[in-house]
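Enquirer: One structure follows; several queries about it will come next.
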Amino acid sequence: MLASRFLRPLSTRCLSTAVSPLGGGSGTLSLFSPSEEHVGLREMVRSFAESEVEPQALEHNRTETFNLPLFRKLGDLGLLGVTVEEEYGGSGMDATACVIVMEELSAVDPAFCLSYLAHSCLFLNNLNQNGSHEQKVKYSPGACSGEIVGGMCMSEPGAGTDVLGMATTATPKGDDYVINGQKMWITNGTVDGVNTGDAFLVYARTGEARSDVSMFIVEKGMPGFSLGQKIENKLGMRASMTAELVFEDVVVNKSQLVGQLNGAAICMMRNLEIERVALAAMSSGIARRCIEEMAKYSTTRKAFGKPIGDFGQIQKMIAESYAEYMASKSYIYNTSNNLDLSSAGNVMDSDGVKLFAGKMAKDVADRAIQVLGGNGYTGEYRVEQLWRDAKLLEIGGGTNESHHKNMTKWFGKAGTTLP
């Protein structure tokens with residue numbers, strides 16, 4: 001449960017209070033914090049991010065290492081299982097709560113936030129929505145506390161956007177399944193560069209049809225399950241470890257099957273929706289921080305005897321960045337406020353919001369470097385790291401091109417009448 005001094009239980013949420021459509025200061029209900037519980041959550045996460053996450057960000061970016069002790073503090077605050085039911089050790093909140101955490105963490109350290117997403121959304125929320133009671137009792141409390149670090153295995157060396165073209169198989173053998181294959185680009189695939197992470201939801205082919213995919217829980221230490229490689233020298237997100245994982249005759253009991261046999265395609269699509277909204281929230285956090293850095297720098301840096309913020313070229317970059325940020329943020333929270341985590345079929349806006357927000361964050365970060373000039377090109381001023389990190393948001397969780405495909409396909413099903 002979330003730290004009680006900040007938040008009340010979900011059942012006592014008060015939505016009858018007047019809500020400001022957009023802004024509002026600290027403690028004010030708005031589109032971005034639609035309940036008192038959300039307001040408290042934002043205040044708690046922002047305070048933690050600024051006091052605990054910010055000071056370590058540059059060092060872990062330089063060393064390309066994951067800060068596990070700090071990650072476990074998120075468990076102490078009840079944030080790792082923010083969307084998991086309380087009976088399984090979570091906080092029982094909604095999609096907007098997830099978005100708030102993602103936005104606030106990414107404003108200070110997007111890479112640390114990415115590891116949070118893989119654990120909280122791709123592993124825990126996925127298990128919470130699709131797993132059995134027994135599976136959730138076994139894995140969720142440890143993952144909610146941070147004792148277990150989890151992730152999800154979907155992409156492969158030869159199957160990224162075409163995820164249903166995966167080659168990894170799970171073959172039945174008595175009461176077990178035998179998994180063989182490779183998974184690539186796995187966030188939290190390792191947390192120390194030597195061993196695998198603790199637990200993963202692994203998608204594997206279990207039938208002849210293209211959609212015959214099932215999901216299994218695979219644990220660290222299972223015979224045949226190993227770390228193929230830690231991916232080094234990434235452009236960005238360096239403090240979030242990415243790995244190749246290898247499955248060689250990995251035997252899992254049928255009790256490790258999550259959901260129905262050959263039924264994981266819907267689980268995959270459902271979880272991709274919250275993942276993409278959460279990634280859009282990361283874009284919002286990156287953009288907000290960049291705008292704050294631009295605005296601050298423009299008042300202190302002088303050229304030709306006056307602050308650079310007095311020049312039209314600088315004003316244009318800051319003003320356009322703010323307008324794009326607010327448009328994107330409004331789209332993000334409108335989507336999350338209407339997203340039922342147990343539903344599927346929300347692709348138009350889950351894809352649309354990530355498509356729009358990812359480019360927005362990259363553009364805003366690029367302007368921030370331009371405003372800061374030579375200083376913006378150095379790590380000390382943070383915006384160069386934010387620029388590098390922002391690029392992933394046009395690739396990870398679905399490329400921009402896959403969003404184009406998914407969204408235009410939707411028009412064929414739903415027609416062309418828009419809200």
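The values are calculated or read from the model by the stated rules, or taken from the named source; none is laboratory data. Every value quoted in this text rests on a predicted model; they were computed, and no experiment measured them. Cβ: placed from backbone, ideal geometry, glycine included. Neighbour counts: every protein chain shown. When the accessible area is computed, the model is the full protein with side chains, heavy atoms only, and any ligands, DNA or RNA have been set aside. Shrake-Rupley method; radii C 1.70, N 1.55, O 1.52, S 1.80 Å.
Enquirer: So, in the range 147-185, how many residues would count as being open to solvent by less than 10 Å² (accessible area, probe 1.4 Å), within 20 Å of the chain's Cα centre (by Cα) and free of Cβ contacts under 8 Å to residues at least 60 places away in the same chain?
Expert: 2
Enquirer: If you don't mind, another one. Given the criterion under 17 Å from the mean Cα position of the chain (by Cα) and not charged (D, E, K, R), identify the matching residue among ASN406, ASN400. It would help to see each step written out before you state the result.
Expert: Details: ASN406 fails: under 17 Å from the mean Cα position of the chain (by Cα).
That would be ASN400, the only listed residue that is under 17 Å from the mean Cα position of the chain (by Cα) and not charged (D, E, K, R).
Enquirer: Within the range 321-339, does at least one residue satisfy the condition of being open to solvent by less than 30 Å² (accessible area, probe 1.4 Å) and more than 20 Å from the chain's Cα centre (by Cα)?
Expert: Yes: one or more hits.
Enquirer: Moving on. Can you tell me which residue is most open to solvent (accessible area, probe 1.4 Å) among those in the range 361-381 that are of a type outside the set (Asp, Glu) and more than 21 Å from LYS302 (Cβ to Cβ)?
Expert: Residue satisfying both the conditions and the ranking: LYS362.
Enquirer: Just checking, does the range 128-139 include any residue being open to solvent by 10 Å² or more (accessible area, probe 1.4 Å), farther than 25 Å from GLU232 by Cβ and at pLDDT below 95?
Expert: Scanning the range 128-139, I find no residue that is open to solvent by 10 Å² or more (accessible area, probe 1.4 Å), farther than 25 Å from GLU232 by Cβ and at pLDDT below 95, so the answer is no.
Enquirer: State whether one or more residues within the range 107-127 are free of Cβ contacts under 8 Å to residues at least 60 places away in the same chain, over 14 Å from MET282 (Cβ atoms) and not basic (Lys, Arg).
Expert: Scanning the range 107-127 turns up at least one residue that is free of Cβ contacts under 8 Å to residues at least 60 places away in the same chain, over 14 Å from MET282 (Cβ atoms) and not basic (Lys, Arg).
Enquirer: Listed residues CYS267, CYS290; which is buried (at least 23 other Cβ atoms within 10 Å of the Cβ) and within 22 Å of ALA118 (Cβ to Cβ)? Before you say what the answer is, go through the steps one by one.
Expert: Details: CYS290 fails: within 22 Å of ALA118 (Cβ to Cβ).
From the options CYS267, CYS290, the qualifying one is CYS267.
Residue-by-condition table, conditions (1) part of a helix (DSSP H, G or I); (2) at pLDDT 95 or above; (3) surrounded by 24 or more Cβ atoms within 10 Å (Cβ to Cβ):
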{"residue": "SER240", "(1), (2), (3)": "no, yes, yes"}
{"residue": "VAL252", "(1), (2), (3)": "no, yes, no"}
{"residue": "SER255", "(1), (2), (3)": "yes, yes, no"}
{"residue": "ASN271", "(1), (2), (3)": "yes, no, yes"}
{"residue": "ILE274", "(1), (2), (3)": "yes, yes, yes"}
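Enquirer: Continuing with this model, one more query. Of everything in the range 117-144, what is within 18 Å of the chain's Cα centre (by Cα) and farther than 21 Å from TYR203 by Cβ? Give them in sequence order.
Expert: CYS144
Enquirer: Regarding the range 59-70, can at least one residue be identified that is open to solvent by 10 Å² or more (accessible area, probe 1.4 Å), acidic (Asp, Glu) and either part of a helix (DSSP H, G or I) or in contact (Cβ under 8 Å) with a residue 60 or more places away in the chain (or both)?
Expert: Checked against the condition, which is being open to solvent by 10 Å² or more (accessible area, probe 1.4 Å), acidic (Asp, Glu) and either part of a helix (DSSP H, G or I) or in contact (Cβ under 8 Å) with a residue 60 or more places away in the chain (or both), the range 59-70 yields at least one hit.
Enquirer: To continue, here is another question. From SER298, SER342, grab the single residue that is at pLDDT below 95 and either over 26 Å from SER35 (Cα atoms) or loosely packed, with under 13 Cβ neighbours inside 10 Å (or both).
Expert: SER342
Enquirer: Next up: If you go through the range 309-318 one residue at a time, do you hit one that is aromatic (Phe, Trp, Tyr) and either surrounded by fewer than 14 Cβ atoms within 10 Å (Cβ to Cβ) or over 30 Å from LEU31 (Cα atoms) (or both)?
Expert: Checking the range 309-318: at least one residue is aromatic (Phe, Trp, Tyr) and either surrounded by fewer than 14 Cβ atoms within 10 Å (Cβ to Cβ) or over 30 Å from LEU31 (Cα atoms) (or both).
Enquirer: Inspect all residues belonging to the range 275-291 and state whether any of them is closer than 27 Å to ALA111 by Cα and in contact with a strand residue (DSSP E or B) (Cβ under 8 Å, 6 or more places away or on another chain). Quick ask: steps written out before the conclusion?
Expert: Initially, the range 275-291 is screened for residues closer than 27 Å to ALA111 by Cα, giving 275-291.
Those still in the list that are in contact with a strand residue (DSSP E or B) (Cβ under 8 Å, 6 or more places away or on another chain) too: none.
No; the residues of the range 275-291 include none that is closer than 27 Å to ALA111 by Cα and in contact with a strand residue (DSSP E or B) (Cβ under 8 Å, 6 or more places away or on another chain).
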